[in-house]
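Written below as structure tokens is the structure these notes are about.
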Amino acid sequence: MGHIYRRGKNYSIKYYKNGKPYVESTHSNKLEIAKRLLKKREGEISEGKLPGICFDRVKFDELKEEFLAEYRINGRKSIERAERSAKQLAQSFEGMRVVGITSPKINKHIERRQSEGAANATINRELSALKRMLNLGARQTPPKVDKVPYIEMLAENNVRKGFFEHGDFLALRDKLPEHLRGFVTFAYKTGWRKSEISNLTWSHVDRKQGIVKLEAGETKNNEGRTVYLDGETQEVMDEQWEARKKAKHLIPYVFTNCDGSDRIKQFRKSWNTACKETKIGDRLFHDLRRTAVRNMVRAGIPERVVMMISGHKTRSVFERYNIVNADDLKLAASKQETYLNAQNSYKTVTVGDFGKKMGLRRYATP
């Protein structure tokens with residue numbers, strides 16, 4: 001199938017797959033090394049595999065571009081995050097051959113990012129992107145990656161803790177500009193993401209039926225979602241509709257900026273100012289989403305229904321939003337005490353021989 005010959009000081013080998021010749025240097029002047037490499041390549045070909053030289057030529061940059069192209073082709077909403085991860089990975093692996101991306105090299109990337117102050121969750125997103133690149137390369141025809149190295153993810157402390165007590169929310173809302181109050185109220189009641197509310201148009205709203213509906217493909221998890229408006233959110237929609245009629249610019253968005261010329265986009269300055277004036281500390285808009293989930297669960301709404309309203313697709317993510325605070329723990333202790341006190345009002349009576357024959361051991365009576 002092939003042969004060995006000298007090329008300068010070192011040996012080279014030549015072999016064939018499907019009639020196509022492959023020439024590869026052994027980078028050694030020892031004949032035994034050349035024989036072993038030729039035997040290895042012949043074994044790969046006999047098993048139907050591509051010879052290893054095909055994988056040796058693939059570089060990280062090629063996989064990175066194909067990874068980003070896959071995101072663009074499929075219209076993935078997280079492409080910005082993928083681009084950020086790819087940019088960080090390129091600082092560690094740009095120009096490197098894929099066969100050189102080993103576990104020790106990956107650990108060096110982790111150490112570099114940690115020294116730069118990156119959180120474990122951020123580094124894990126980068127490692128996930130690297131895994132995706134390698135797996136896409138391995139699945140191609142012909143494959144570009146022979147073996148995907150083991151990549152161990154870092155431990156994350158990503159339990160969400162921020163939420164609003166009802167009084168804090170009301171105080172914050174009163175300090176915000178008027179055009180933001182309906183926006184944050186809708187977030188506080190539904191738990192929808194900021195982008196979902198910001199992109200909400202009147203075509204999604206049925207004011208007569210009191211329904212707001214997002215179609216499949218318009219949400220982060222690509223699943224449709226419907227919420228029924230309560231009295232307060234219905235009032236919010238009515239106020240937004242009246243404001244739309246008074247605005248100089250007729251636009252399709254429900255929640256608009258202060259002059260009604262565009263949808264609400266950035267309001268960080270107004271948000272931070274309101275947090276400072278109400279003395280509630282630094283808060284995130286996303287805390288409203290966590291609060292909505294917590295409030296609905298505490299109100300006795302079945303958790304599956306809460307997930308359908310808020311748009312949580314997986315149980316594991318939902319649990320991180322279902323926050324327990326000190327009051328919940330106190331309530332649990334109070335309920336347990338009530339239960340145990342009720343047990344003290346009963347006494348145990350041992351049954352007689354007849355009861356034993358009937359299979360009874362003892363019973364409780366008030």
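Among the listed pairs LYS30/LYS147; LYS248/LYS269; LYS208/LYS279; LYS194/LYS245, which are separated by more than 32 Å between their Cα atoms?
On the way: LYS30/LYS147 28 Å; LYS248/LYS269 25 Å; LYS208/LYS279 39 Å; LYS194/LYS245 24 Å.
Going by Cα-Cα distance, LYS208/LYS279 fall outside the 32 Å limit.
Could you tell me the largest-minus-smallest coordinate of the C-alpha atoms of region 1-144 on each of the three principal axes, in descending order and whole angstroms?
Rounded to whole Å, the extents work out to 52, 34, 23 Å.
Binning every alpha carbon pair distance of region 216-295 at 5 Å from zero, what are the percents per bin?
3, 11, 13, 17, 24, 21, 9, 2
For LYS213, give me every one of the aspartates and glutamates with a C-alpha distance below 19 angstrom, ignoring sequence neighbours fewer than eight places off in its own chain.
Within the straight-line cut-off, LYS213 pairs with GLU196, GLU223, ASP230, GLU232, GLU235, ASP238, GLU239.
Over 15 Å apart: what share of the alpha carbon pairs of region 162-232 falls there, rounded to a whole percent?
Result for the distance tail: 59 percent.
Between ALA121 and ARG207, what is the label-point separation in nm under the 7 Å Cα-to-beta-carbon projection?
If labels sit at ARG207 and ALA121, their model points lie 3.8 nm apart.
For region 166-285, report the convex hull volume of the alpha-carbon atoms normalised per residue, in Å³, without decimals.
Working: hull volume 12.8 nm³, N = 120.
Roughly 106 Å³ of hull volume per residue.
Under the 0.36 nm per residue contour assumption, what length would be gained going from the current alpha-carbon distance of ALA155 and ARG139 to full extension?
Value of the extension gain: 2.9 nm.
For region 243-289, which trypsin sites (Lys or Arg not before Pro) pass both filters: DSSP loop (anything but H, G, I, E, B) and at most 12 other C-beta atoms within 10 Å? Write down the numbers at each step before the final one.
Values: sites: ARG244, LYS245, LYS246, LYS248, ARG263, LYS265, ARG268, LYS269, LYS276, LYS279, ARG283, ARG289; in loops: LYS248, LYS265, LYS279, ARG283.
Passing both the DSSP loop test and the Cβ count: LYS248, LYS265, LYS279.
Across every pair of different alpha-carbon atoms, what Kirkwood hydrodynamic radius in Å does region 60-139 reach?
12.8 Å
Please compute the length gained on full extension between VAL148 and LYS279, using 0.36 nm multiplied by the number of residues separating them and subtracting their Cα-Cα distance.
42.1 nm
If the chain between ARG81 and GLN114 were fully stretched, how many nm would it gain, using 0.36 nm times the residue separation less the Cα-Cα distance?
Answer, rounded to one decimal: 10.0 nm.
Give the cross-link partners of LYS9 among the aspartates and glutamates, using a straight C-alpha distance below 19 Å as the criterion and excluding same-chain residues fewer than 8 apart.
Excluding near neighbours in sequence, the set is GLU24, GLU32.
Only the coordinates and a few stated rules stand behind these numbers; no lab work does. Remember, predicted model here, so these are calculated numbers, not experimental data. Quick reminder, even Gly has a Cβ in these numbers, built from the backbone with ideal geometry, and neighbours come from all protein chains shown.
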